[in-house]
Structure formats: C-alpha cells, structure tokens
Amino acid sequence: MKTNGTIERCVHCLKYTNELTWDHIPPESWYPDTTPDHIEKWKVPSCHKCNKEYGRIEEELLLKIGLCINPRDHRSAGIAFKALRALKGVHGKNEKDARIREAKKRKILKESMYGEKIPINSIYPGFESKGGPRDEPVGVLIPVNHLTRIAQKIVKGIVYIVDKKYIEPPYKIKFYPYNKINVEIILTEIYPGPWDIFDRPPGFAVLRAVAKEDMTSGIYLIDIWGQLYCQAIVSKL
C-alpha cells in the first residue's frame, strides 16, 4: 500500500513496509447492527503482523465483553448475540469450527469467577452485577493489556485519520478504566472544554482535548456501546 507515491508506515508499530493492510478503527466486528449504512468505517494502514495480532485481541474481547453488556441497548445491538453465537458449536461452519467454538466457551467458563470469589475492586466500572437476588454473579476475566491495546489503537487511529500524524516516542499512551459518572465529572467539573468529538454512532464516540503547547499531549474519553468507558492520556515519557 502506498500513499501519494510513498511507502506508508504501520500506525501501530510505526515500521515502514510496502505490504500494509487496512485496519478498522474501531474494530469492524464491533460495529452494532444499528450502525447506519452510510457511516464510513474508519481505516488506518497496518502491517500484517499488527493487524493479525489485533484481530486475536479484538475477537477475545468481543466474546467476553459481549457476554456482559446489555443486549437490549441499541448502541450495542447484535453484539451480545454475536458473542453467544461464536461460542455455540451448533453454529459451526463444519465439525472443526464447531469444536473450536465449544473449546472457546469452555475456556471462558473455566477462567470465570463466581459469587463471593469475585474481587469487588477488580470489577470494571459500570459492569457491576445487575442480576436479581437469586442470581449468582459471574465474573468474566478480561486481560487489562487487551483493553490497553484497544485504547491505544483508537487513539493512534484518530490521530492518524484526523491529524495525519503518528503517536511515537517520546509520547506514550496510558489507559485508565472509567465509567459514565467519571466521564460526567471530568466534563462538568475538571475540564468543561472545549472538546473535539469524533464518533461513529450509535456505538462509538471519542471526546478529545489536546494541549496547545505541542498539539499531541491530550486526554481521550472513549465510549464504546454506551457501556464500556475508558480514558487514554497521551503524554511524553
């Protein structure tokens, strides 16, 4: 892939290569069924290695988070169904695919925590149990590194698409989990604005405030499906 006659760089690893692919920001499989057909899905140049690696991370997160989100929210329409379908052998394309789906389901169940064994301080903000009094809470384990990588991917993607530049040393992207209440406090009490808004409604929105000193350091408030909130801070090392 070349742009304006020059070899492009991978947005993720920053390496130059003439064998780039397109990587969707956010992941293409994460767009809800309610996404309008006219919405252009953002894409950035990525090397095969990074694209493949992110593909594995995005699939695992989709399966796990999809089991925990509100399936009735229009901002995440179809995501929960997609996760459940991917874990049922009956939906396999063939016998091998059916076994793979069942193996993924067993792995998630084996790694999950139940009832009082779930450490309260480790629950992602906004994903506390909403079941009835007779329902035993189930904690699905999600690698924090995966969430960090997704936040970094979104920030790097927006910077590339909007600003036509890369996030590279000495700048670093740090990830923090947040919920809707935290976001509202930031917007109303800590920094009321101005904020730049980048979205692909109804499932994806990002608010950004960039430092005027270098136009790179900044805060990103990421909203995925109206349920998964995270904050990313870009700053020098």
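The values are calculated or read from the model by the stated rules, or taken from the named source; none is laboratory data. The structure presented is a predicted model; accordingly, all values stated were derived computationally and were not measured. Note that each Cβ is placed from the backbone with ideal geometry, even for glycine, and that neighbours are counted across all protein chains shown.
List of remarks:
- The selection criterion, being part of a helix (DSSP H, G or I), surrounded by fewer than 15 Cβ atoms within 10 Å (Cβ to Cβ) and modelled with pLDDT of 95 or more, does not hold for residue 75.
- Evaluating residue 140 against the criteria (1) farther than 22 Å from residue 79 by Cβ; (2) out of contact with any strand residue (DSSP E or B) (no Cβ under 6 Å at 6 or more places or on another chain); (3) not charged (D, E, K, R) leaves one unmet condition, (1).
- Residue within the stretch 5-26 that is under 16 Å from residue 202 (Cβ atoms), in contact with a strand residue (DSSP E or B) (Cβ under 8 Å, 6 or more places away or on another chain) and modelled with pLDDT under 95 present: yes
- In the set 98, 103, only one residue is among the aliphatic types (A, V, I, L, M), more than 28 Å from residue 12 (Cβ to Cβ) and loosely packed, with under 14 Cβ neighbours inside 10 Å; that residue is 103.
- The stretch 162-237 holds no strands (runs of 3 or more DSSP E) entirely within its bounds that carry 3 or more residues that are exposed (fewer than 13 other Cβ atoms within 10 Å of the Cβ) and free of Cβ contacts under 8 Å to residues at least 40 places away in the same chain.
- Criterion violated by residue 159 - all others in (1) hydrophobic (A, V, I, L, M, F, W, C); (2) out of contact with any Ser or Thr (no Cβ under 6 Å at 6 or more places or on another chain); (3) farther than 30 Å from residue 67 by Cβ; (4) at pLDDT below 95 satisfied: (4)
- Flag for residue 69 being of a type in the set (Val, Ile, Thr), more than 30 Å from residue 8 (Cβ to Cβ) and not in a helix (DSSP H, G or I): yes
- Residue 157 vs. criteria part of a loop (DSSP other than H, G, I, E, B), of a type in the set (Gly, Ala, Ser) and under 30 Å from residue 216 (Cβ atoms): no
- Here residue 102 clears all of (1) under 28 Å from residue 178 (Cβ atoms); (2) in contact (Cβ under 8 Å) with a residue 12 or more places away in the chain; (3) of a type in the set (Asp, Glu) except the condition numbered (1).
- Residues considered: 20, 67, 62. Of these, the only one that is farther than 22 Å from residue 164 by Cβ, of a type outside the set (S, T, N, Q) and without any contact (Cβ under 8 Å) to a residue 40 or more places away in the chain is 62.
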